[in-house]
Each structure stands twice: as structure tokens, then as C-alpha cells.
Amino acid sequence: MADTSAKHMSRLVEQLRVPPGKKVRLDNDYDPSFKPGWLSKGESEQQLARGVELLAEYQARLAAQDMHGLLVVLQGIDASGKDGTIRHVMSGVNPQGVSVHSFKVPSEEDLSHDFLWRYSRHLPARGQIGIFNRSHYEEVLVVRVHPELLARQRLPATATGADIWQRRCREINDWERYLVDNGIHVVKLLLNISAEEQRTRFMARIDMAEKNWKFSAGDVSERARWDAYQDAFSQMLSHTSTEWAPWHVIPADRKWFARIAVSAVLVQALVEIDPRYPVPDAATRQALAQARAALEAEAPDGVSGAVHSRDVR
Ligand code: AMP
Ligand code: MG
């Protein structure tokens, strides 16, 4: 059963991955309400719990090995479920090993630097999982949809030609390759919802008092630019899904499925990294044995010092 499930999950991750070089039309190619036939809502809690458990296990190993980092890039239009996904999927991991950064409108200081500067300041260290809730991809999404934001970036004329978006995509690809070469792996997830699902979620944010804080007037004017955002997403997927950092399009109209799919992609990434607990060398083993003997000698009369002997390697 566990074995079948692992195979299903790895096939699912494969299905969600955007093949490098593929020319994507998001609304044509990816169904926001997709779910595989073998998975039903009834077993969703159990499946997510398994994913959460695996994530916790791998994160502990990642931290112990202290060699690889994992950057999780989470994108999606307003109300696509970015916050909820982070809350549910990361619920089991040690908070010391994870950082989440939500990128908002850039500050004056951000705008005084090159466009990747503010993102590079929040990268995960080795042994850490870092989540970008929105990310450097906003530089080819919201900034593309709103030319006035680009004007605020004070770029020289040579950097704002007609090829700017292609160039930014190339620069992002190069930056991610640099990170991956350095042991900081990059996992990219686009939460894909339909316009109707966004409308329903906005209505809930307006109608339910405890959700009001999530709604801003700007959300409706952004929604009016739905097609421009879909185009920008399609361009992003077409130009920045690479061998070293591919995109995954997560069908997100069903929240329960999106969470399972995200946990499956993260688990798969960690399985591929395959972090291991460090194995002590001969000198360390000897030091451990000596420390153990000294502690054993301090045991009060009648207490066996051998209780945990199976833990000694
Ligand atoms: P939220 O995710 O709802 O908290 O909103 C964050 C806001 O910051 C969104 O409206 C984004 O469009 C905006 N934002 C994020 N990154 C950038 C960026 N690089 N340039 C301009 N606006 C951004
Ligand atoms: Mg918002």
C-alpha cells in the first residue's frame, strides 16, 4: 500500500512538472480542478499526514547533514491558497529548520538595488528550507502587468528594451543555476486556480468577518487584469522551467488536493537530495565510546548503563 502510494505520488509529481522548453498556455494546458482518479477527498487527510511526516523526517536529515538548502518558490494569483498551503504542508516540520518570507511591494531600499537583491537576502542557508511566499518571479509577473512598477525601478535605458522580459527570465535562470550549483536546490510551485474559484474565495473573504482582513480593494482591480496575469504566468512557465529548476503547476481549485500535491513535490525534491545523517569517523566513534564509558561509570548502584546501548553506532 505504502509502495503503491509512493509510485502514484512520484507519477503525479512528474505530471505536474512543466517540461523545460515547453511553450505553455496556462488556461489551455492546465486544468485548475484536476485530480487523479486514484485519490479521493475521503483519504485526503491521511495522505497529507503521510506527506507531512515524510517532510519532517527529511528536513531533520537535511539539517543534520548541513550541506544542502531547499528554496521553495510559491507563486499564485490572489486567493490561490499560498498562505494556507504553507500552514498545512509545513505543519509538521521543526520551525528552527524553516524560514518563510512573504514578498510585498518593494521598499525604497529594495528599489535602490538590482532586481534580485532583495530576494537574495532571504535565501535559505545550508540545512534549511526557505519558503518564498511570492518571489523574484513577481519581477516578471506584477511588474510586467503594471509598467508603472518598472518605471519605479530606475533602470538605465539599456536595460529596458523590448527584450526586457526575456532577459529577466534568462537572468533568473542563471541565478537559480548558480544557487543549485552551490547546493541550494530550487523547487517552484504555481498554485493554479480558475477565475470562478477566485471569485468564490473573494466573496467568502467579504462575507465572513474573520476573513475580511484578507481582502483588499485592490484585489478586485487586479482581478480585472486576469488575462494579463494568465499571459504573464504562461510566459514565465515557458521561459523559466529549466532542467535545474523546473516549475510545477499545482491544480488548486480543490484546496485539499493542492496541499497533497505540494507536499508530494517537496518530498520528491528531498528524496532526490537524499540527505543523510553524518556518519561519525573512527576518531569520533572512539571519543563517543570513551564518553559513554565515563557516563556509565557514574551510574548509581543498581542502574544499568546499557539501556540505550542500541543507539551507539
Ligand atoms: P499579498 O501577497 O496579498 O500580501 O500582497 C502583496 C502585494 O505585493 C501584492 O499585491 C503583490 O503584487 C505586491 N508585490 C509583490 N512583489 C512585488 C514586486 N516585486 N513589485 C511590485 N509589487 C509586488
Ligand atoms: Mg492579497
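Tabulated results
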| item | result |
| --- | --- |
| Candidate set from region 234-256 (those that are among the aromatic types (Phe, Trp, Tyr) and surrounded by fewer than 19 Cβ atoms within 10 Å (Cβ to Cβ)); member that is farthest from Ala64 (Cα to Cα) | Trp256 |
| Residue within region 54-66 that is within 16 Å of ligand 1 (Cβ to nearest atom), closer than 29 Å to Ile172 by Cα and open to solvent by less than 40 Å² (accessible area, probe 1.4 Å) present | no |
| Residues of region 137-169 satisfying the condition of being over 23 Å from the mean Cα position of the chain (by Cα) and open to solvent by less than 40 Å² (accessible area, probe 1.4 Å) | Val145, His146, Leu150, Gln153, Ala159, Gly161, Ile164 |
| Close pairs from region 211-232: first of a type in the set (Ser, Thr, Tyr), partner within 10 Å of ligand 1 (Cβ to nearest atom), Cβ under 8 Å, at least 6 apart | Tyr229/Ile77; Tyr229/Leu141; Tyr229/Val145; Tyr229/Glu222 |
| Any hit, region 49-66, residues being in contact with an Asp or Glu (Cβ under 7 Å, 6 or more places away or on another chain) and either among the basic types (Lys, Arg) or within 25 Å of Glu196 (Cα to Cα) (or both) | no |
| Selection count, region 204-241, where residues are within 15 Å of ligand 2 (Cβ to nearest atom), over 23 Å from the mean Cα position of the chain (by Cα) and part of a helix (DSSP H, G or I) | 13 |
| Hey, Arg259 under 25 Å from Ser44 (Cβ atoms), at pLDDT 95 or above and open to solvent by 70 Å² or more (accessible area, probe 1.4 Å) or not | no |
| Pairs with Cβ under 6 Å, 6+ apart, first in region 18-29 and in a helix (DSSP H, G or I), second open to solvent by less than 70 Å² (accessible area, probe 1.4 Å) and of a type outside the set (Phe, Trp, Tyr) | Leu26/Gln230; Leu26/Ser234; Asp27/Gln230 |
| Elements of type helices (runs of 4 or more DSSP H) contained in region 64-180, each with 3 or more residues being within 16 Å of ligand 2 (Cβ to nearest atom) | 82-89 |
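The values are calculated or read from the model by the stated rules, or taken from the named source; none is laboratory data. Only a predicted model underlies this, so the values are computations on that prediction, with no experimental measurement involved. Cβ coordinates were reconstructed from backbone atoms using ideal geometry, including for glycine residues, and neighbour counts include every protein chain displayed. Just so you know, the surface numbers come from the protein's heavy atoms only, side chains and all, with ligands and any DNA or RNA stripped out. Shrake-Rupley method; radii C 1.70, N 1.55, O 1.52, S 1.80 Å.
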